[in-house]
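Data block below; observations after.
The values are calculated or read from the model by the stated rules, or taken from the named source; none is laboratory data. Because the structure is a prediction, the values reported are computed rather than measured. Note that each Cβ is placed from the backbone with ideal geometry, even for glycine, and that neighbours are counted across all protein chains shown.
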Amino acid sequence: MHEIKTTTNLASPIYQDGLKIRTKVFVEEQKVPADLEVDDREDKCKYYTLYVKQIPAAVARYYPTEDNGIHIQRVAVLKDFRKQGLASELLNRIIADAKTDGYTYVILGAQDQANGFYKKLGFKVIGPQFLDAGILHHNMRKEI
């Protein structure tokens, strides 16, 4: 297990560490426009940053839905830390916290290239394919 820190404070080092990961993965690697990466939900989310030996390596965020679920977004792992199970560890922690907090489901918009990963965690594809920031996605849901 690695250290996973959470925050809702945008001035927090935890948020700033996660934002650096998001910028590296989404803006630099995947060419998502920077103005789409940071959005109007920033101050409405809970952020999770996973640290490997105190180095920020993975990030995700969620916000509550109107019908007692959570919507996970911005799941990213730095290239040097991929294929080590960090995203699974991070998502399992978020899901466990959400269940403890009384939420009943998790939803996310998964890049199509990551659908298999999310299916292994128990998510099911719902709805049609859509384009987000120039990348094909499907919504996926998991009951908790």
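Go through the residues of region 4-13 one by one and say whether even a single one is part of a strand (DSSP E or B) and closer than 21 Å to PHE117 by Cβ.
Yes, region 4-13 has at least one match.
With the requirement that a residue be over 20 Å from LEU121 (Cα atoms) and part of a helix (DSSP H, G or I), what does region 53-83 give you?
Listed by number, the residues that qualify are LYS79, ASP80.
Would you pick out the residues in region 43-56 that are surrounded by fewer than 22 Cβ atoms within 10 Å (Cβ to Cβ) and among the aliphatic types (A, V, I, L, M)?
VAL52, ILE55, listed by residue number.
Go through VAL59, VAL27 for me and flag whichever is of a type in the set (Val, Ile, Thr), out of contact with any Cys (no Cβ under 8 Å at 6 or more places or on another chain), free of Cβ contacts under 8 Å to residues at least 40 places away in the same chain and crowded, with 16+ Cβ neighbours inside 10 Å.
VAL27
Do we have ASP17 as assigned to a helix (DSSP H, G or I) and over 24 Å from ASN139 (Cβ atoms) here?
The answer is yes for ASP17.
Quick check: anything in region 43-52 assigned to a loop (DSSP other than H, G, I, E, B) and farther than 26 Å from LYS83 by Cα?
yes
In this structure, does GLU37 turn out to be at pLDDT 95 or above and among the charged types (D, E, K, R)?
In short, no.
What's the total number of residues in region 84-97 that are outside any loop (DSSP other than H, G, I, E, B) and either touching a Gly at 6+ places or on another chain (Cβ under 8 Å) or among the polar types (S, T, N, Q) (or both)?
Of the residues in that region, 2 qualify.
Here is a yes/no grid of residues against (1) modelled with pLDDT under 95; (2) farther than 18 Å from THR6 by Cα; (3) surrounded by 15 or more Cβ atoms within 10 Å (Cβ to Cβ):
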position: VAL77; (1), (2), (3): no, no, yes
position: GLN84; (1), (2), (3): no, yes, no
position: ARG93; (1), (2), (3): no, no, yes
position: LEU108; (1), (2), (3): no, yes, yes
position: PHE123; (1), (2), (3): no, yes, yes
position: ILE126; (1), (2), (3): no, yes, no
position: PHE130; (1), (2), (3): no, yes, no
